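Chemist: Quick one: structure below, then a few questions.
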Amino acid sequence: MAKLDSAKSFETEKEQAGKTEPKLNGTLLSVMLVGGFIILSWIGVYALYLSR
Amino acid sequence: MHMHKYEKIWLVFGGITLIVFLSVIGVSAFAMGHHPPSDMTTIDPEKVKETAPFDDPGLKKIGDNEYEAVMVAQAFMFGEPLEVPKGATVHFKVTSADVVHGFSIPGTNVNMMITPGHINTITHKFDEAGEFLIICNEYCGVGHQAMSGKIEVN
């Protein structure tokens with residue numbers, strides 16, 4: 001029984017370790033900024049193409 | 001597979017953006033007819049001057065304020081200046097009698113590569129009056145910088 005208990009507690013620890021997520025707020029912001037830049041440039045080029 | 005919530009957000013965002021971009025291009029190509037100026041229409045580059053319509057280059061009226069401009073690009077000219085009324089739709093049909101040339105009208109979407117052996121077509125509507133320049137933007141030889149043409153829109 002003692003063995004089982006320790007195995008159980010080990011798994012729980014592992015699960016908990018997996019659930020601690022890294023903080024990616026800065027990454028999300030950077031990705032969205034790059035995405036926004038790409039979208040704006042794309043719209044700009046396409047609008048120029050359609051207007052001339 | 002475990003994924004961070006933010007990771008899902010930017011993957012979906014990127015995927016949707018890609019789909020939107022490709023759909024816009026697909027619709028403009030297949031529904032609105034936008035396409036690259038060069039197609040697979042070919043011509044014998046050594047017999048350009050004997051092959052119709054290039055045996056008689058110039059501007060031809062083909063409809064109501066609609067023209068066909070048949071032009072032969074060769075070192076280092078595009079032919080006689082063209083004159084069209086304001087609002088005219090001009091279908092340019094250009095080939096090269098020697099080397100690769102460029103055919104660009106600054107300020108418009110007209111910009112194509114003139115490859116010997118190929119007939120390149122592009123259509124442009126001249127909504128504004130003025131003088132338009134045709135320039136060669138592919139280095140074609142010692143006189144490249146002097147290679148230009150003129151379109152007068154009245």
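The values are calculated or read from the model by the stated rules, or taken from the named source; none is laboratory data. Source: prediction; values computed, not measured. A quick note on method: Cβ atoms are made from the backbone with ideal geometry, for glycine too, and the neighbour counts reach across all protein chains shown. Note: areas computed on protein heavy atoms with side chains; ligands, DNA, RNA excluded. Shrake-Rupley method; radii C 1.70, N 1.55, O 1.52, S 1.80 Å.
Chemist: Quick check on chain A: of everything there that is of a type in the set (S, T, N, Q) and modelled with pLDDT under 60, which residue is nearest to B:K125 (Cα to Cα)?
Modeler: Per the stated criteria, the residue is A:Q16.
Chemist: Quickly run through segment B:121-150 and pick out the residues that are assigned to a loop (DSSP other than H, G, I, E, B) and touching a His at 6+ places or on another chain (Cβ under 8 Å).
Modeler: Restricting attention to segment B:121-150, the residues satisfying the condition of being assigned to a loop (DSSP other than H, G, I, E, B) are B:127-129, B:136-143, B:147.
Selection gives B:C136, B:E138, B:C140, B:M147.
Chemist: Please count how many residues of segment B:111-134 are surrounded by 17 or more Cβ atoms within 10 Å (Cβ to Cβ) and either outside the structural domain of B:A75 (by TED's automatic domain parsing) or free of Cβ contacts under 8 Å to residues at least 40 places away in the same chain (or both).
Modeler: Summing the residues that are surrounded by 17 or more Cβ atoms within 10 Å (Cβ to Cβ) and either outside the structural domain of B:A75 (by TED's automatic domain parsing) or free of Cβ contacts under 8 Å to residues at least 40 places away in the same chain (or both) in segment B:111-134 gives 2.
Chemist: Next up: Which members of segment A:20-52 meet the condition of being among the charged types (D, E, K, R) and at the interface with chain B (Cβ under 9 Å from one of its Cβ atoms)? Don't jump to the end; show me each part of the working.
Modeler: Restricting attention to segment A:20-52, the residues satisfying the condition of being among the charged types (D, E, K, R) are A:21, A:23, A:52.
Listed by number, the residues that qualify are A:E21, A:R52.
Chemist: Any idea how many residues of segment B:67-76 are under 18 Å from B:T121 (Cα atoms) and either outside any strand (DSSP E or B) or in contact (Cβ under 8 Å) with a residue 40 or more places away in the chain (or both)? Can you show your working first?
Modeler: Of segment B:67-76, the ones under 18 Å from B:T121 (Cα atoms) are B:67-74.
Now narrow it down to the ones that are either outside any strand (DSSP E or B) or in contact (Cβ under 8 Å) with a residue 40 or more places away in the chain (or both): B:71, B:73.
The qualifying residues number 2.
Chemist: Name every residue in segment B:1-25 that is under 27 Å from A:G26 (Cβ atoms) and open to solvent by less than 60 Å² (accessible area, probe 1.4 Å), in order of residue number.
Modeler: Correct list: B:M3, B:H4, B:Y6, B:W10, B:G14, B:G15, B:T17, B:F21.
Chemist: Test of understanding: among B:T41, B:T89, which residue is outside any helix (DSSP H, G or I), among the β-branched types (V, I, T) and in contact (Cβ under 8 Å) with a residue 60 or more places away in the chain?
Modeler: Values: B:T89 fails: in contact (Cβ under 8 Å) with a residue 60 or more places away in the chain.
One residue alone meets the criteria, B:T41.
Chemist: Here is a further query. What number of residues within segment B:47-64 satisfy the criterion of being surrounded by 12 or more Cβ atoms within 10 Å (Cβ to Cβ) and not in a strand (DSSP E or B)?
Modeler: In the first step, residues of segment B:47-64 are kept if they are surrounded by 12 or more Cβ atoms within 10 Å (Cβ to Cβ); the result is B:48-49, B:51, B:53-55, B:57-60.
Narrowing the set further to residues that are not in a strand (DSSP E or B) leaves B:48-49, B:51, B:53-55, B:57.
Matching residues across segment B:47-64 total 7.
Chemist: Restricting attention to segment B:1-19, which residues are within 9 Å of chain A (Cβ to nearest Cβ) and not in a loop (DSSP other than H, G, I, E, B)? Working first, answer last.
Modeler: So in segment B:1-19, the residues within 9 Å of chain A (Cβ to nearest Cβ) come out as B:2, B:4-7, B:9-10, B:13-14, B:17.
Passing the criteria: B:K5, B:Y6, B:E7, B:I9, B:W10, B:F13, B:G14, B:T17.
Chemist: Can you tell me which of (1) over 18 Å from the mean Cα position of the chain (by Cα); (2) open to solvent by less than 70 Å² (accessible area, probe 1.4 Å); (3) at pLDDT 90 or above is the one B:A75 doesn't meet?
Modeler: The single condition B:A75 does not satisfy is (3).
Chemist: Would you mind finding the one in B:S38, B:S28 that is among the polar types (S, T, N, Q), farther than 30 Å from A:L24 by Cβ, more than 12 Å from every other protein chain (Cβ to nearest Cβ) and surrounded by 12 or more Cβ atoms within 10 Å (Cβ to Cβ)?
Modeler: On the way: B:S28 fails: more than 12 Å from every other protein chain (Cβ to nearest Cβ).
Testing whether each residue is among the polar types (S, T, N, Q), farther than 30 Å from A:L24 by Cβ, more than 12 Å from every other protein chain (Cβ to nearest Cβ) and surrounded by 12 or more Cβ atoms within 10 Å (Cβ to Cβ) leaves just B:S38.
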